Structure formats: C-alpha cells, structure tokens
Amino acid sequence: MATVLIIGASRGIGLATVNAALEAGYSVRALSRSASAIHFYAPKLEKLDGDALDRDTIERALVGVDAVIQTLGVSPAPELFSGTRLFSAATRVLVNAMEAGTVRRLICVTGFGAGDSRGRGGLLYNAALCLFLGRVYVDKDLQERIIRRSRLDWTIVRPTILTNGPHTGTYRVLVDPREWTSGFISRADVADFLVAQVDDASLLQTGRTANSTSHRHSRCLQSSKTERVPRTRVLLACRSLPCALI
Ligand SMILES: NC(=O)c1ccc[n+]([C@@H]2O[C@H](COP(=O)([O-])OP(=O)(O)OC[C@H]3O[C@@H](n4cnc5c(N)ncnc54)[C@H](OP(=O)(O)O)[C@@H]3O)[C@@H](O)[C@H]2O)c1
C-alpha cells in the first residue's frame with residue numbers, strides 16, 4: 001500500500017484524513033506543527049512536527065511518499081480577519097519541492113468559493129464568505145493558481161460548510177459548475193473522499209494537460225443523505241449558514 005503525506009494533520013479534516021487513510025490500509029506521515037500531539041498511535045502512523053512553510057521540512061517529509069494530501073487551515077484569530085499568506089506560501093514550497101522530486105500526486109483542500117467557484121454559493125453564502133473570509137479566500141485563490149500551473153497530478157477539493165458530524169459516505173461530488181450550491185459536509189466525509197483519491201485517477205488534473213479548463217477538475221463537495229435529496233432541502237440548510245460558519 002502507498003504511503004501518504006498529510007500536511008495539516010493535527011486537527012479537523014487533516015486528523016480525520018489520518019484516521020481514514022490508516023483505516024484504508026495506507027501508511028501515513030502526519031505533518032503539522034503539533035503532530036506529536038495526535039492522541040493515538042498506530043504501527044503505520046509517523047508523526048512529524050514541522051512547519052509547512054519550511055522547505056527543508058517539506059523535502060524531508062516527501063521522502064518515500066507516494067501521494068500528498070494538503071489540509072492546512074488558519075486559526076480563527078487573527079488570520080481569519082487580517083488575512084493570511086499561509087495557503088499560497090506553503091503550497092509554493094510544496095509544489096516546488098514536489099516538482100524537484102519524484103512525488104507527483106497532490107490532493108489539496110481549498111473551499112467552496114475559491115477560484116472559479118467564487119460567487120456560486122447563493123446570496124447568503126457569498127455575502128458571508130466575502131464578509132468573514134474574503135481575505136483568506138484571496139490567498140486560497142492564489143493557492144489554487146499555483147497548483148493549476150504546476151506540473152503535478154492534482155485534484156483540488158472544495159468542501160462546502162464543514163461540520164464535525166459522523167462519516168456517512170453519502171456525500172455528493174459536484175463536478176459540473178452548474179450544479180454547485182452551498183451546503184454542509186462533515187470533515188469525516190471530506191476525509192473519506194480525499195483518501196479515495198489517492199489511488200483513483202479519474203478526478204485528477206495532470207500538469208501535462210493544464211490547458212484544459214480547470215473547473216472541470218475542481219471538486220465541490222456537499223453532503224446529502226441520498227443522491228436524490230430535493231434541492232429545497234439544500235436551500236433550507238443555507239438558512240443556518242452564519243451559525244455553521246462559527
Ligand atoms: N470551516 C468551514 O466551514 C470550511 C469550509 C470549506 C473549507 N474549509 C477549509 O478546510 C481546511 C481545513 O479546515 P479544518 O477546520 O478542518 O482544519 P483546521 O482546524 O483549520 O486545521 C488546520 C491544520 O493545519 C495545520 N497547520 C496550520 N498552519 C500550519 C503550518 N504552518 N505548518 C504545518 N501545519 C499547519 C494545523 O496544525 P498545527 O497548528 O499543529 O500546525 C492543523 O492541523 C481549511 O483550509 C479551511 O479553510 C473550511
């Protein structure tokens with residue numbers, strides 16, 4: 001089984017992805033500044049404390065790895081409001097290191113509203129995103145651009161609003177921009193999708209065909225109980241958007 005490097009592994013989607021990858025049988029190298037604080041042990045889990053902005057750390061972390069899942073996030077304050085360069089800077093370091101080495105597969109979490117999904121979440125979602133996360137998403141735009149222009153085999157994953165709900169495995173993967181709409185998805189379901197991409201080439205964009213339109217290969221993830229959930233239910237969910245963002 002492949003070895004997966006997860007960057008941003010100590011909390012949230014990253015930690016859920018560590019769990020999901022181990023369950024799927026992968027060897028996992030978990031990188032974050034406080035990876036050693038991950039509260040469980042497993043024979044196939046290696047915890048690596050380090051900063052994603054540091055080139056030496058990333059080069060060391062890539063040794064012997066087959067795929068990379070990047071799930072970095074910023075703390076609620078002050079970066080959330082003052083803006084951040086973490087996403088673009090860390091992604092530049094990562095992409096440069098991967099292009100100089102042998103690891104080609106990159107799966108990266110950004111968010112619904114980044115890149116060409118901006119303005120597609122409906123009035124309330126768009127307004128909240130602009131108000132609370134506008135500065136952060138400017139950097140996520142840049143992060144996506146760096147990935148799209150790379151020579152890597154990449155998949156950009158844009159979850160809608162995250163919850164700490166359970167793994168259901170019944171989320172929707174919306175590829176067609178005409179279907180993109182805001183909604184909710186649990187971190188555990190995002191993790192499920194990320195891990196499934198490690199050995200699934202059907203949704204990746206390869207740097208060698210970077211001329212093709214990127215939106216066809218960017219993912220918008222949204223949870224639903226079944227594939228046939230009425231659209232109105234999704235719109236109802238939007239009403240609690242401000243609470244869900246907190
Ligand atoms: N909240 C939402 O509704 C929503 C919706 C769509 C997308 N997203 C995006 O989803 C992503 C994950 O969010 P989340 O809430 O699940 O996770 P999170 O709690 O924000 O966790 C972020 C992770 O990044 C790590 N990290 C931060 N800076 C680092 C650095 N310099 N070097 C190494 N690791 C670093 C943190 O670990 P250390 O502190 O230990 O380094 C942590 O493990 C974020 O990009 C977020 O913007 C969120």
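Please treat every number below as a calculation from the coordinates, not as lab data. Keep in mind that what you see is a predicted model, and the values were worked out from it rather than measured. Reconstructed Cβ throughout: ideal geometry from the backbone, glycine too, with neighbour counts over all protein chains shown.
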In this structure, the FRET efficiency calculated for residue 100 and residue 132 from their beta-carbon separation, with R0 = 35 Å, to the nearest 0.05, is 0.45
Output ³J(HN,Hα) for segment 130-140: one whole-Hz value per residue in order, computed from phi by the Karplus curve 6.51 cos²θ - 1.76 cosθ + 1.60 with θ = phi - 60°, and x for Gly and Pro. 5, 5, 9, 10, x, 5, 5, 6, 4, 6, 5
Semi-axes of segment 1-140 from the Cα gyration tensor (sqrt of 5 times each eigenvalue, largest first, whole Å) come to 28, 16, 15
How much length is gained on full extension from residue 179 to residue 42, taking 0.36 nm per residue of separation minus their Cα-Cα distance? 45.4 nm
Using bins 10 angstrom wide from zero, how does P(r) for segment 59-125 break down, in % of all Cα pairs? 17, 40, 30, 12, 1
Throw me the Rg/Rh for segment 4-45, computed over C-alpha atoms with Kirkwood Rh, two decimals. 0.90
Using label points projected 7 Å from each Cα along Cα→Cβ, tell me how many nm separate residue 60 and residue 23, to one decimal. 3.1
Sort 118, 104, 149, 29 by Cβ crowding within 10 Å, fewest neighbours at the top. 149, 118, 104, 29
Backbone HN-Hα couplings from phi across segment 13-19 [Karplus 6.51/-1.76/1.60, Hz, Gly and Pro as x]: 4, x, 5, 4, 6, 4, 4
Got a sec? How would 108, 130 order by Cβ neighbour count within 10 Å, fewest to most? 130, 108
Which far-off residues, 5 or more places away or on another chain, put their amide H under 5 Å from the one on residue 163, with H placed in the peptide plane? 185, 186, 187
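Please order 49, 176 by the number of other Cβ within 10 Å, starting at the fewest.
With the sparsest Cβ surroundings first, the list reads 176, 49.
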Just grab the label-to-label distance for residue 163 and residue 85, each label 7 Å out from Cα along the Cβ direction, in nm (one decimal). 3.8
Residue span residue 49 to residue 123: 0.36 nm per residue of separation minus Cα-Cα distance leaves a gain in nm of 22.6 nm
Placed amide H near residue 154: partners under 5 Å, 5+ positions off or other chain: 106, 205, 206, 207
How long is segment 104-185 along each principal axis, judged by its Cα atoms, biggest number first, in Å? 35, 31, 26
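Explain nothing, just the number: relative contact order of segment 1-112, from Cα pairs under 8 Å at least 6 residues apart, as a whole percent.
28
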Give me, ordered by chain and number, the residues 5 or more places off residue 171 or on other chains with an amide H under 5 Å from its own placed amide H. 224
